[in-house]
Amino acid sequence: MHRLRKTYHLVLFLSTLSMVWGCRKDTHEFIPYTPTLEDLGLLLLQAPEASTRTVFQFSGNAVSDTMLTSASGVRVFLADTENLFADDAGSPVPCSTCPTLKIDVTTVLRKGDFLARKLPTATYPDSRMLESAGAVQVRVLCGNKVLQLLPNRYLKVQIPAVNTAQPDMSVFTGVLDAAENVTGWTNTNEPAFLAQWPLPGTSDQQSGYELIVPQTGWSNCARSLPETGSPFCVTLPGQFTALNARVFLVFQNTNAVAELTGNETSSEFCFPEAPLGYPVQVVVVGKTGGQYWLAKQFTEIGTNVQLPLQPAPLSEQDILNYLKSL
């Protein structure tokens, strides 16, 4: 009898529990994939060739006026180096006082390199698109201390033209966020001059642009695209958000790249001022778990575009090869 009472109580408990779960409403909780933006950034940074960065080093002596030629053909001119640079506090730093002086020059000429180095070709803060003839970053280090230009001093920089040099280019400087990423460009209203200079060891001339650069860091030889802009949005499947995907507009006949902005809870990515009428390739790079994904589609920028895209799984090396081809 005692055993029957225990069995009855157990059956009653299980029956009640079944009723509770039977009445419980189904809930759907979105669990995002682990953030992988750092992995994507490291992948993209493998796309630029080694020749796009050159480091010049001087030790223990005064640096006379000189011209530095990078592996990519960019030329940086240093003049009056004892009165050229300052530290973060604004105090002058003569080059002769540096145990080691490093001039680090990074060049971005290709659309694929703009994308890889997370450099939009758009103004800040209004996101107006720019056509770029090339961007250059000049970093100056005295030992481990980063130097800036003194007020009213400048660097002269020459950038080779990839194609025919175009008129009406200006000098833009990079605007940095708290993490020192370039968020856009501001116009210095200084023109970029057409120039020619001899190629080493030949009688040929290199055509390009001469920039008077008012600061170290990133500078861009560019001009604004005049067309009216309109929002351009891309919608991805639900597993992709700003935590694990990046979306770009790569212009086909213009040296310009725009990154679309998303957020952590939505699969929609948008750019606010895409210039109308331009043919572009929309490029999506994502990673979920250990799998990389790529989507690419040609289209033309229209008014208020809402474009759905479905990335396909691809190997890391295949994505890298594609990025190098842009």
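Laboratory data are not the source of any read-out in this text; all were calculated from the coordinates shown. In this text the structure is predicted, and so the values were computed from the model without any measurement. So basically every Cβ, Gly included, is an ideal-geometry build from the backbone, and we count neighbours across all protein chains shown.
The relative contact order of the chain, computed from alpha carbon pairs under 8 Å that lie at least 6 residues apart in sequence, is 17 percent. Separation of the range 126-165 and the range 182-203, taken as the distance between their Cα centroids, equals 9 angstrom. The residue list Ala135, Pro237, Pro125 was ranked by how far each Cα lies along the charge dipole of the chain toward its positive end, using unit charges on Cβ atoms, and Pro237 comes out on top.
If you count Lys pairs in the chain whose Cα atoms are under 28 Å apart, skipping same-chain pairs closer than 8 places in sequence, the total is 17. Among Asp113, Asp177, Asp104, the largest mean-square fluctuation in a Gaussian network model of the chain (Cα springs under 10 Å) belongs to Asp177. Our summary of shape: the Cα atoms of the chain have principal axis extents of 107, 49, 34 Å, ordered from largest down, in whole angstrom.
Tilt of helix 2-23 relative to the longest C-alpha principal axis of the chain, in degrees (0 to 90, nearest 10)? Roughly 50 degrees, rounded to the nearest 10. Computed across the range 105-157, the Kirkwood radius stands at 13.3 Å (inverse of mean 1/r, all Cα pairs). May I ask you to derive the FRET efficiency for Thr69 and Glu38 from their Cβ-Cβ distance with R0 = 30 Å, giving the value to the nearest 0.05? With R0 = 30 Å, the Cβ-Cβ based efficiency is 0.30.
Overall, the chain carries a charge dipole of about 1360 debye about its Cα centre when +1 sits on the Cβ of Lys and Arg and -1 on the Cβ of Asp and Glu, all other atoms neutral.
Per the Kirkwood formula applied to alpha carbons, the range 151-297 shows a radius of gyration over Rh ratio, Rg over Rh, of 1.05. In the elastic network of the chain, a GNM with C-alpha springs shorter than 10 Å, the most mobile of Ala50, Ala161, Ala295 is Ala50. Projected onto its three principal axes, the C-alpha set of the range 234-326 covers 37, 31, 16 Å, listed from the longest axis down. Would you please classify the overall shape of the range 117-198 from the alpha carbon gyration tensor, given that a ≥ b ≥ c denote the square roots of the eigenvalues, rounded means a/c under 1.5, and beyond that prolate means a/b larger than b/c while oblate covers the rest? In terms of gyration-tensor shape, oblate.
Using the Cβ of Leu326 as centre and a radius below 15 Å, the other residues enclosed give a net charge of +3, where K and R count +1 and D and E count -1. When the charge dipole of the range 189-326 is built from unit charges on Cβ atoms (+1 for Lys and Arg, -1 for Asp and Glu) and taken about the Cα centre, the candidate among Trp197, Leu211, Leu320 whose Cα reaches farthest toward its positive end is Leu320. Report note on the peptides 236-245, 80-89: ranked by the mean count of other C-beta atoms within 10 Å, highest first, their order is 236-245, 80-89.
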